[in-house]
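Heads up: the structure comes next, in structure tokens.
Coordinate-derived values only; no laboratory data. Predicted model, so just to flag it, every value in this text is computed and none were measured. When we count neighbours, we look across all protein chains shown, and the Cβ atoms used for this are built from the backbone with ideal geometry, even at glycine.
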Amino acid sequence: MTEWMNLLIGVAMALNLLALGSGRLPTIIGAMSIQGVALGVMPLVLGEYPDWRVMLVAVATVAGKGLLIPALLRRAMRAAHIDREVEPLIGFVPSLLLGAGGTIAAVALARLLPLLPEHSGSLLVPGSLASVLTGFVLLIGRTKAISQVCGYLILENGIYLFGLLLIHSTPLLVEAGILLDVTVGVFIIGIIVDRIQRAFDSLDTRKLTTLRE
Amino acid sequence: MKDLLLIIVPIAGAGVAACWPDNRSRPWLLPVVAAVHCVLSFWLLISPPEVSPRAWLGFDALARAVLPAVSLLFLVCAVYGVSYLQVRKERPNRVFVACLLAVLGILSAGHQARHLGLLWIATEAVTLAAVPLLHFNATPRAFEATWKYLLVGGTGIALSLLGSFCLGYASLHGGGTGDLTFTALTAQGASLSRPWLLIAWVLLLVGYGTKMGLAPMHTWKPDAYGEAPGIVGAVLAGGVTTVAFTAILRVRAVVSAAGQAAIADRTLLAIGLFSMLVAALMLLGTRDFKRMLAYSSVEHMGILSVGAALGGAGVWAALFHVWANGLTKGALFMSAGNIRRAAGGRTMDEVRGMSTLTPYSAGIFVAGMFAVTALPPFGPFFSELRVVRAAFESSHGLAAAMFLGCLLLAFFGLTRLVFAIVDGRPRTASRSIGKRFPETVGVILPPLTLLGLSLWLGLATPTVLHDAWSAVVTQFHPGK
């Protein structure tokens with residue numbers, strides 16, 4: 001069980017690095033989609049006998065993170081007629097170095113934290129921390145609204161990974177509420193991306209500088 | 001049952017507003033629902049219900065101490081909203097009215113949430129429900145403000161979820177069964193895993209601190225308050241931020257039960273004083289009077305954070321300040337909205353001489369400015385005095401000195417800007433715009449009422465409020 005789980009987390013971490021190093025938006029969105037499916041499969045691998053609540057989380061994650069959100073992002077990209085190049089504030093090589101350094105730091109940090117015996121061999125905590133860090137690098141280091149949304153998604157994925165530690169102990173309400181909010185949040189962000197395009201005719205957040213001291 | 005009605009009535013009202021066909025009569029739903037909500041919350045304030053310790057939702061001591069203030073502020077905002085939406089007839093208000101009522105319902109849920117996950121869901125929902133409100137004017141500037149609000153607020157809310165998970169894991173590691181009600185977490189106390197608890201505290205403080213607008217996570221605030229309609233600013237500053245503040249108080253109680261109160265208080269004090277300092281310096285520099293209100297709000301969130309760090313007397317003063325600041329700030333937001341409309345500008349370079357164009361609003365604006373900078377006998381003077389007293393009593397003399405220094409700087413900043421706008425001769429452009437937006441009773445009476453309430457809170461604080469605040473202190477600081 002743990003081997004399969006760690007393999008999936010490893011795939012997710014590799015996709016983080018791909019998102020950091022890629023210069024094309026469709027590649028990043030594709031990576032998001034595969035990562036979403038990998039995250040959705042994880043709850044099924046995690047437990048011995050997945051009950052219906054865990055199944056629900058898995059199905060909702062694959063549908064939301066794996067299919068719906070990437071489709072929305074692609075649609076927003078087409079609707080906005082933006083070119084597909086990513087314009088980085090932090091260059092690709094420095095981003096990759098930050099991501100790789102962050103991943104190593106996450107593994108080292110996770111060793112210091114006390115874990116329950118059943119989680120001790122798992123990569124969940126380092127994977128989660130590394131994804132959160134990757135998300136921040138993309139949020140800060142990319143100028144286009146859609147790549148910032150991708151950064152936010154990776155951040156959310158990292159938090160989801162951490163939530164898997166608690167999936168058998170926290171009640172359904174928390175899980176369902178989280179998924180709903182994540183989806184709705186990105187949905188609204190998508191609408192706003194659309195509107196920003198109409199207002200500015202570009203998706204460059206560097207132009208959002210009217211409001212400052 | 002009444003505690004659930006506080007949530008159901010506004011949400012149902014939002015549903016009705018979404019289906020209501022007529023754009024002109026729809027805004028009247030706001031005061032109707034708000035009045036029902038206000039009656040219910042004050043009824044519960046006077047005769048508090050029994051809350052079962054295992055309940056996920058309930059009108060407990062903390063909700064009783066804070067929620068009526070939010071309800072009262074919302075009622076006055078709703079009355080103002082009717083006149084405001086009449087002035088802005090050209091904009092469809094279906095989404096605006098529905099979302100404003102939904103915000104009230106979700107705020108009531110957030111204040112009454114006694115479960116870590118439920119509290120997070122309410123905070124996330126209120127963040128999303130406020131998006132269309134900020135975007136009401138649909139200008140490019142409003143787009144920009146909404147984008148920044150969502151990106152910064154969304155990141156903050158994501159971090160607070162990670163913090164909630166860490167707190168859940170701390171409980172699980174300490175032998176907990178996955179019960180995430182605050183009662184259960186507090187009862188677990190010292191058996192919570194210390195490293196996970198401290199990580200959770202930092203993440204939750206950063207996350208909910210972003211919603212509250214504590215520096216350095218305050219960057220969304222000036223943009224959002226500067227571009228949103230005045231009532232939205234008032235509801236955000238007096239309602240949404242207080243949910244985040246009560247969330248921090250609830251989490252602090254868990255950290256304190258685990259024996260780490262000293263660390264929690266030190267971080268709260270540091271972040272509070274830093275917010276006050278940043279806000280005071282920005283107040284000295286800003287030229288836009290709606291952004292000025294945002295920095296003033298950052299300053300007052302800093303005061304709440306400092307109060308929460310100073311033990312029982314400090315928490316009491318902070319709860320007093322939630323009432324005093326919320327009501328006074330509401331008067332400022334509304335009168336600033338009136339001035340902004342009539343002047344057709346928002347900075348001290350474009351606007352002057354408003355005391356001749358909008359004499360009543362300018363008068364309320366000046367009086368509100370003095371009230372919010374703690375002029376006696378308004379409410380904020382007494383609440384801030386109690387924070388200072390709590391600081392000296394708990395031998396935080398240096399913190400008290402910094403606190404007073406920041407208040408002084410903020411006073412300089414506020415007076416500089418307010419008098420630049422009010423005094424002098426109005427510009428010719430403003431004269432013609434001002435005629436289109438006359439000062440009607442509907443836009444003067446609500447801010448005047450709030451100013452009166454602030455005065456009443458300072459001169460004659462009702463005993464029932466004293467009791468409500470003391471009940472929170474006995475719950476969160478037992479033995480003092």
Looking at the calculated P(r) for region B:282-366, what percent of the C-alpha pair distances fall above 15 Å? 62
Please list B:55-61, B:137-143 highest first by mean number of surrounding beta-carbon atoms within 10 Å per residue. B:55-61, B:137-143
Row for region B:216-338, column shape: gyration tensor on C-alpha, a ≥ b ≥ c, rounded if a/c < 1.5 i.e. under 1.5, prolate if a/b over b/c, else oblate; value prolate
Once all Cα-Cα distances of region B:1-143 are split into 5 Å bins that start at 0, what whole-number percent is in each one? 2, 11, 19, 22, 19, 13, 8, 5, 2, 0
Could you grab the relative contact order for region B:278-480? Cα pairs under 8 Å, six or more apart, rounded to a whole percent. 33
Highest mean first, what order results for B:301-313, B:434-446 on Cβ atoms within 10 Å? B:301-313, B:434-446
Could you tell me which of rounded, prolate or oblate describes region B:366-478, using a ≥ b ≥ c as the square roots of the eigenvalues of the alpha-carbon gyration tensor, with rounded for a/c under 1.5 and, failing that, prolate when a/b is larger than b/c and oblate otherwise? oblate
Would you kindly calculate the translational diffusion coefficient of chain B, applying Stokes-Einstein with the Kirkwood radius from alpha carbon pairs, for 25 °C and a viscosity of 0.890 mPa s, and quote it in µm² s⁻¹ without decimals? 111
Less than 17 Å from a label point 7 Å out along the Cα-to-Cβ axis of A:Glu118: which backbone N atoms in region A:134-172 qualify, by residue? A:162-172
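Greater than 27 Å separation of Cα atoms is the criterion. Which listed pairs, A:Lys144/B:Lys329; A:Lys144/B:Lys89; B:Lys211/B:Lys290, meet it?
Violating the 27 Å Cα-Cα cut-off are A:Lys144/B:Lys329; A:Lys144/B:Lys89.
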Across peptide B:157-163, what mean number of C-beta atoms from other chains lies inside 10 Å of a residue's C-beta? 5
Using the 10 angstrom Cβ neighbour count as an exposure proxy, how do B:Met292, B:Met1, B:Met217 rank, fewest first? B:Met1, B:Met217, B:Met292
Work the Kirkwood hydrodynamic radius out for the protein assembly as shown: mean of 1/r over every pair of different alpha-carbon atoms, inverted, in Å. 25.7
When ranked by the protection proxy of mean other Cβ atoms within 10 Å per residue, highest first, what sequence do the peptides B:339-347, B:144-152 form? B:144-152, B:339-347
Across peptide A:130-139, how many C-beta atoms of other chains are within 10 Å of each residue C-beta, on average? 1
Region B:404-480 versus region B:101-130: alpha-carbon centroid distance in Å: 26
Can you give the mean number of other chain Cβ atoms that lie within 10 Å of the Cβ atoms in peptide B:128-141? 2
FRET efficiency for B:Asp349 and B:Thr177 from the Cβ-Cβ distance with R0 = 45 Å, rounded to 0.05, comes out at 0.15
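Just how large is the dipole of chain B about the Cα centre, in debye to the nearest 20, putting +1 at every Lys and Arg Cβ and -1 at every Asp and Glu Cβ?
Dipole about the Cα centre, nearest 20: 1020 debye.
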Distance between region B:355-397 and region A:67-135 - C-alpha centres, whole angstrom: 46
Using only alpha carbon pairs under 8 Å that are at least six residues apart, calculate the relative contact order of chain B and give it in whole percent. 16
Which order do B:Ile121, A:Ile104 fall in if you start with the one that has the fewest other Cβ atoms within 10 Å? A:Ile104, B:Ile121
Would you compute, from DSSP H runs of 4+ residues alone, the mean residue ellipticity of the protein assembly as shown at 222 nm, taking -39500 (n - 2.57) per run and dividing by the full residue count, rounded to the nearest 500? -25000 deg cm²/dmol
Report the charge-dipole magnitude of region B:1-134 in Debye, nearest 20, computed about the Cα centre from +1 at each Lys and Arg Cβ and -1 at each Asp and Glu Cβ. 300
Rounded, prolate or oblate: which fits region B:278-480, taking a ≥ b ≥ c as square roots of the Cα gyration tensor eigenvalues, rounded meaning a/c under 1.5, else prolate when a/b beats b/c? prolate
